[in-house]
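> Questions regarding the structure given below will be posed in turn.
The values are calculated or read from the model by the stated rules, or taken from the named source; none is laboratory data. Everything numeric here is computed off the predicted structure, so don't read it as measured data. Methodologically, a virtual Cβ is constructed for each residue, glycine included, from the backbone with ideal geometry; neighbour enumeration extends over all protein chains shown. SASA here: full protein model, heavy atoms, side chains in, ligands and nucleic acids out. Shrake-Rupley method; radii C 1.70, N 1.55, O 1.52, S 1.80 Å.
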Amino acid sequence: MLFTTSLAFSQTEALKTVVNSLAFYKQKSDLTFLARAKKSADSLVVTKKDSADMEKNIYRLIVNSSIVYTDSLNKLNQPENFLDNTAALADQLTAKKNAYKFQSEINYSKRCITNAYIRRGFVLTRNADFKKAIACFERAKAYSPGFRPINTYIAYASNKTGNMQDAAKYYDGLINTDTAKLEYIQTASSIYKTLGDTAKALQVIKKGRKLYATDKQLLQDEANIYNNKRDYKALENLLIPLIENNANSADIAFVAANCYDNLNQFDKAESMYLRAIELNGSAFEPVFNLGLLYFKQSAIKTNDDGKNITSAILWLEKAHEMMPNDKKGLQLLQLAYTKTGNQNQLDRINDQLEQITN
């Protein structure tokens, strides 16, 4: 961007000195020439009349904005408020009636100022001073409102400060395109889940899955939402790809089993519970749920020769070994032994229930 301005002025000797110094800097990349340009530009504005001279101040703006853009290490020892003062000068000149005559020069300076504020915001972000970083990024956005990456920086910093509402607003702007980055979609859905807006999170995830159909994380995020909402019919549509992508996950196998169980697809549920137990034999829930599944089937199927109630007792006893004081498990065993008429085992379970309730 540097020195793309036309500098089409009626140049006095003093102005020519500024232009020549800028030209030498462009040619040699030596900050000394920028320092000379600044000294010459400052000498142009001395009196009140000079302060009202648009042309002279435009030169000052070009030089100062070039410095804030180029001298990132402040080798020219400008004061701490130099960037803010340069920005204020740009605001002042932009408000002038004849600013349109120097639009390309003003636009150039605003781009330089934008870059400087973004750079300062990055430094503050690295130092975890996110509130001040946001302020810098918002200043940058004011000078280059069409530069979309700034929204990314504000969204990230807002998220880091815990300001989820603002973060969500900016991430929304980033994902409402057909080229939205995967990381933006994932972060936006995570923010909405944190805010408790599951519907919005689901909307974001669905949009993401249209753009990134093979992404495993988005698939799992959508499945988790349906599972937490107990929307098992919606979850069922995701189970096949979910299981294929997580063939060795006991947790996914259990989610699938529980889904099929709640949809009364008992054979599929039985198969997935057994798979979950195979993958993680120390997990209580699939063992208990499998016992409960057989118990439910024993109540439905009357001509199974007692196979289901026998299987129910087997798995409920395994669950009892894993969690001896689980009241629900003991109550189910109580019902199962009552059904089979096994008085000895029923007495044992009754004693244990009495112990944990007293």
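One line per residue, one yes/no per condition, for (1) small (Gly, Ala, Ser); (2) touching a helix residue (DSSP H, G or I) at 6+ places or on another chain (Cβ under 6 Å); (3) more than 20 Å from Leu34 (Cβ to Cβ):
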site	(1), (2), (3)
Val68	no, yes, no
Asn77	no, no, no
Asn81	no, no, no
Lys97	no, no, yes
Gln103	no, no, yes
Ser109	yes, yes, no
Ile113	no, yes, no
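> Residue by residue through segment 192-206, note down the ones that are under 15 Å from Asn176 (Cα atoms), open to solvent by 60 Å² or more (accessible area, probe 1.4 Å) and touching a residue at least 12 places away in the same chain (Cβ under 8 Å).
Across segment 192-206, the qualifying residue is only Lys206.
> Test each condition in (1) more than 29 Å from Leu242 (Cβ to Cβ); (2) modelled with pLDDT of 90 or more; (3) over 11 Å from the mean Cα position of the chain (by Cα) for Tyr212 and report the one that comes out false.
Evaluating Tyr212 over (1) more than 29 Å from Leu242 (Cβ to Cβ); (2) modelled with pLDDT of 90 or more; (3) over 11 Å from the mean Cα position of the chain (by Cα) leaves (1) as the failure.
> Residues of segment 106-149 being closer than 28 Å to Tyr59 by Cβ, in contact with a Ser or Thr (Cβ under 7 Å, 6 or more places away or on another chain), assigned to a helix (DSSP H, G or I) and not aromatic (Phe, Trp, Tyr), which ones?
Hits for segment 106-149 are Ile106, Ser109, Lys110, Arg111, Cys112, Ile113, Thr114, Arg119, Ala140.
> Test Ser311 against the criterion of being open to solvent by less than 50 Å² (accessible area, probe 1.4 Å) and more than 30 Å from Asn248 (Cβ to Cβ), and give yes or no.
Here the answer is no, as Ser311 does not meet what is asked.
> Please find, within segment 228-251, the residue that is surrounded by the fewest Cβ atoms within 10 Å (Cβ to Cβ) out of those that are in a helix (DSSP H, G or I) and acidic (Asp, Glu).
Going through the qualifying residues, I end up with Glu244.
> OK, next. Looking at Ser65, Ser21 in this structure, which one is surrounded by 14 or more Cβ atoms within 10 Å (Cβ to Cβ), touching a Phe, Trp or Tyr at 6+ places or on another chain (Cβ under 6 Å) and of a type in the set (S, T, N, Q)?
Ser21
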